[in-house]
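Report on the structure given below.
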C-alpha cells in the first residue's frame, strides 16, 4: 500500500463539477480581479468564522504583513512570535522593519506558551502574533488577557486552522485580526497561492482594502503606500466551491486523528498530540514526536509511507536570520521539537485502511527497537 503525505487530486475529483462551474462563472463574467466572486467569498468566509470583515489577499504571509502595516508597525517595534513554527510568520514581521521576538512553545500543544510571553515583553512590544499550529488554536483567552493588560494588539496566524475553535469561538475571530492562508495544502485550500485577513474592526478593514491594492480604492487615487496583494476572482470562486465542504472534511480528519491516537498509544517513546479540553482542533497535520525520528521516517519510507518534518530548522537558526544574533541553544524547546517532530499522513481523502497501515508499521518500528 502507498500512503502519500499529501495528495490533492482526490479533493479536485470530489468537487470537479463545482470547480468547473466556478471556473465557467469567472470566465463568462470577463472580470478577473476585485469583482463579485471575491466579494461573495469575503462575505461567506467572514460569516463562517464569526468576523465582520474578510479582505482577500494574495497569500498568508502578505495577509499578516498588511495587518502590521495597517497598524503602523515598523522599525524600532517588536512583535512576539513563536520560536517553533513556519518562518513566514517571522518574515511578515521583518518585512515591516520590526523585530520578531521569539517566545518558546507550550511543550504539550507546541503553540506559543502564554506563561512565557511576559519574558519577551519590552517597551518596544506592539503586537503578539501566535500561530494556531497544526490545526489547533493557541490559548487565546490567556494571550488576549495579557495583551489587554499591556495595551498590545493580537494578530492571529490562522493559516493552519480553518474551522478550529477555542472555547467555542472560531480561529480568525479570536484577536484584533487574523492572517489566513489558502495555500493548496491547507484545510481550505485554493488551487494556487491565496490568502485573506479577517477582523471585526471596520476602520482597519477599510485601510486594508486600500493597502492590498496599491493603497487605493479608487483607481489612480492612492491614499497609502500599499502593495499589490489581491485574491483573484478565479481563486475566490474555487474557495467558494470548497467552503461548504470544510466542516465535513474537517470531521473526516478528526476521525482519522482519533484512529491514530487509539492505535499508537504506548508505542515506544512516541509522543502523541495533546488537545486541551477547551480546544477543538481541525487536524491540519498529525504531528508526533520521538527521539528516533529520522530512523522512523526512513522505516516508513521503505514501506512507501510518506511523512514530512514540520519544521526541521527553527527560524532563529535559519540563514535568513543569521545576522540577528541568535545562536543554537537560545531557544532549546524549539530546537528539541525541530529534531523530533514528524507529520504522518492525514487529510479528508486519506482512508481508514491507510491509517491502519501507517500505524502497523509505526508499531513494528518500535517493536523491533
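Tell me which residues, restricted to segment 155-177, are under 17 Å from residue 283 (Cβ atoms) and assigned to a strand (DSSP E or B).
Correct list: 165, 166, 170.
Listed here are the residues, each with its yes/no results for (1) surrounded by 18 or more Cβ atoms within 10 Å (Cβ to Cβ); (2) farther than 12 Å from residue 196 by Cα; (3) without any contact (Cβ under 8 Å) to a residue 24 or more places away in the chain.
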{"residue": "18", "(1), (2), (3)": "no, yes, no"}
{"residue": "32", "(1), (2), (3)": "no, yes, no"}
{"residue": "35", "(1), (2), (3)": "no, yes, no"}
{"residue": "43", "(1), (2), (3)": "no, no, yes"}
{"residue": "55", "(1), (2), (3)": "yes, no, no"}
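Here's the yes/no breakdown for (1) at pLDDT 95 or above; (2) part of a loop (DSSP other than H, G, I, E, B); (3) within 21 Å of the chain's Cα centre (by Cα):
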residue: 5; (1), (2), (3): yes, yes, yes
residue: 11; (1), (2), (3): yes, no, yes
residue: 22; (1), (2), (3): yes, no, no
residue: 28; (1), (2), (3): yes, no, no
residue: 45; (1), (2), (3): yes, no, yes
residue: 54; (1), (2), (3): yes, no, yes
residue: 62; (1), (2), (3): yes, no, yes
residue: 67; (1), (2), (3): yes, no, yes
residue: 75; (1), (2), (3): yes, yes, no
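Out of the residues in segment 83-94 that are in contact (Cβ under 8 Å) with a residue 60 or more places away in the chain and buried (at least 23 other Cβ atoms within 10 Å of the Cβ), which is nearest to residue 132 (Cα to Cα)?
Among those that are in contact (Cβ under 8 Å) with a residue 60 or more places away in the chain and buried (at least 23 other Cβ atoms within 10 Å of the Cβ), it is 85.
Can you pull out every residue in segment 95-131 that is part of a helix (DSSP H, G or I) and in contact (Cβ under 8 Å) with a residue 40 or more places away in the chain?
Of segment 95-131, the ones part of a helix (DSSP H, G or I) are 114-120.
Selection gives 120 alone.
Helices (runs of 4 or more DSSP H) wholly in segment 252-369 with at least 1 residues that are under 26 Å from residue 87 (Cα atoms) and within 24 Å of the chain's Cα centre (by Cα) - which ones? Explain how you work it out, then say what you get.
Numbers: elements: 293-302, 332-338, 352-367.
Ranges flagged: 293-302, 332-338.
Taking segment 132-154 only, how many residues are under 18 Å from the mean Cα position of the chain (by Cα) and not in a helix (DSSP H, G or I)?
Of all residues in segment 132-154, those under 18 Å from the mean Cα position of the chain (by Cα) come to 132-140, 143, 154.
Now restrict to residues that are not in a helix (DSSP H, G or I): 132, 136-139, 154.
Total meeting the criteria: 6.
Which condition number does residue 360 fail, the rest of (1) touching a helix residue (DSSP H, G or I) at 6+ places or on another chain (Cβ under 9 Å); (2) farther than 28 Å from residue 88 by Cα; (3) surrounded by 15 or more Cβ atoms within 10 Å (Cβ to Cβ) being met?
That leaves (3) as the condition not met.
Going by the structure shown, is residue 180 farther than 25 Å from residue 244 by Cα, outside any helix (DSSP H, G or I) and in contact (Cβ under 8 Å) with a residue 12 or more places away in the chain? Step through it out loud before you land on a result.
On the way: farther than 25 Å from residue 244 by Cα: no; outside any helix (DSSP H, G or I): yes; in contact (Cβ under 8 Å) with a residue 12 or more places away in the chain: yes.
Criteria not met by residue 180.
Results for (1) closer than 30 Å to residue 249 by Cβ; (2) crowded, with 17+ Cβ neighbours inside 10 Å; (3) out of contact with any helix residue (DSSP H, G or I) (no Cβ under 7 Å at 6 or more places or on another chain); (4) at pLDDT 95 or above, shown as yes or no for each residue.
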| position | (1), (2), (3), (4) |
| --- | --- |
| 306 | yes, yes, yes, yes |
| 318 | no, no, yes, yes |
| 326 | no, yes, no, yes |
| 331 | no, yes, no, yes |
| 348 | yes, yes, no, yes |
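Evaluate the following for residue 143: is it surrounded by 22 or more Cβ atoms within 10 Å (Cβ to Cβ), free of Cβ contacts under 8 Å to residues at least 40 places away in the same chain, in contact with a strand residue (DSSP E or B) (Cβ under 7 Å, 6 or more places away or on another chain) and not assigned by TED's automatic domain parsing to the domain that holds residue 346? If you could, list the steps in order and put the result at the bottom.
Working: surrounded by 22 or more Cβ atoms within 10 Å (Cβ to Cβ): yes; free of Cβ contacts under 8 Å to residues at least 40 places away in the same chain: yes; in contact with a strand residue (DSSP E or B) (Cβ under 7 Å, 6 or more places away or on another chain): yes; not assigned by TED's automatic domain parsing to the domain that holds residue 346: yes.
Criteria met by residue 143.
Identify, from the list 185, 216, the residue that is surrounded by fewer than 20 Cβ atoms within 10 Å (Cβ to Cβ) and free of Cβ contacts under 8 Å to residues at least 12 places away in the same chain. Before the answer, list the steps.
Working: 185 fails: free of Cβ contacts under 8 Å to residues at least 12 places away in the same chain.
Answer to the check: 216.
In this structure, does residue 190 turn out to be part of a loop (DSSP other than H, G, I, E, B) and modelled with pLDDT of 95 or more?
Numbers: part of a loop (DSSP other than H, G, I, E, B): yes; modelled with pLDDT of 95 or more: yes.
For residue 190, the condition - part of a loop (DSSP other than H, G, I, E, B) and modelled with pLDDT of 95 or more - is met.
Taking residue 32 as the residue in question, decide whether it is touching a helix residue (DSSP H, G or I) at 6+ places or on another chain (Cβ under 6 Å), more than 30 Å from residue 301 (Cα to Cα), at pLDDT below 95 and outside the structural domain of residue 305 (by TED's automatic domain parsing). Full working, then the answer.
Working: touching a helix residue (DSSP H, G or I) at 6+ places or on another chain (Cβ under 6 Å): yes; more than 30 Å from residue 301 (Cα to Cα): yes; at pLDDT below 95: yes; outside the structural domain of residue 305 (by TED's automatic domain parsing): yes.
The answer is yes for residue 32.
The values are calculated or read from the model by the stated rules, or taken from the named source; none is laboratory data. Everything quoted here is computed from the prediction, not taken from an experiment. Don't worry about glycine lacking a Cβ; one is built from the backbone with ideal geometry, like all the others, and counts go over all protein chains shown.
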